[in-house]
Amino acid sequence: MSHWTSASFPFGISLFLASNAGALTRVSFAAAPDAAPSDWPHAGERSADEPLLTQAILQLNEYFVGTRQIFSLPLRPSGTPFQLSVWRALAEIPYGHTRTYRDIAILLGRPSATRAIGAANGQNPLPIFVPCHRVIGSNGSLTGFGGGLDVKLALLRLEGVLLPG
């Protein structure tokens, strides 16, 4: 059975979180904890006390206060084989580090696929847990992020990332 809940975090972040069959399946940014994102699937039961969602919120709170650098939850994103390979690569970016789209493309053996990497990054169904915020432009610039560039910058600063300019 699928469950979902919502919560607010520092930096004005409101998230909707969903789980199914013992794994986190989706995280979406929202304007407020009671304002579901327009693309949010309203299937399943709203459950603030579902153990996995409770653990996800606890780990996010630890991350936001700086006591957690690695999440330890079962994740089950849904996507194409290519997207899944990109998201696995994102999950390997260490806390406090960044990679460029080109870095990810080279890692995956597809050096000319930077735009496809960017598209897959933008479709990441588990932001923060799968750290798409750690991907920046080749020139060190911030690039798109589902939570907004101000949130991306706040997450990178929380992790101690120093950006040029």
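The values are calculated or read from the model by the stated rules, or taken from the named source; none is laboratory data. Worth saying up front: this structure is predicted, and the values here are computed from it rather than measured. Heads up, the Cβs are rebuilt from the backbone with ideal geometry, glycines too, and the neighbour counts pull from every protein chain shown. Accessible surface areas use protein heavy atoms only, side chains included; no ligands, DNA or RNA. Shrake-Rupley method; radii C 1.70, N 1.55, O 1.52, S 1.80 Å.
The strands (runs of 3 or more DSSP E) located wholly in segment 1-115 that include 3 or more residues which are open to solvent by less than 40 Å² (accessible area, probe 1.4 Å) and more than 20 Å from Leu155 (Cβ to Cβ) occupy 2-9.
Only one residue in Phe64, Phe16 is in contact with a Pro (Cβ under 9 Å, 6 or more places away or on another chain) and modelled with pLDDT of 95 or more. Which one? Within the list Phe64, Phe16, the selection yields Phe64.
Each row is one residue, and each column tells you yes or no for (1) in contact with a Leu (Cβ under 8 Å, 6 or more places away or on another chain); (2) within 29 Å of Ser141 (Cα to Cα).
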residue	(1), (2)
Trp4	yes, no
Asp34	no, no
Asp49	no, no
Phe64	yes, yes
Gly79	no, yes
Leu90	no, yes
Ile106	no, yes
Ser112	no, yes
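Which residues, counting only those in segment 126-146, are within 11 Å of the chain's Cα centre (by Cα), open to solvent by 20 Å² or more (accessible area, probe 1.4 Å) and in contact (Cβ under 8 Å) with a residue 24 or more places away in the chain? Passing the criteria: only Gly146. In the condition set (1) farther than 24 Å from Tyr63 by Cα; (2) in contact with a strand residue (DSSP E or B) (Cβ under 9 Å, 6 or more places away or on another chain); (3) assigned to a helix (DSSP H, G or I), His133 is compliant with all but (1).
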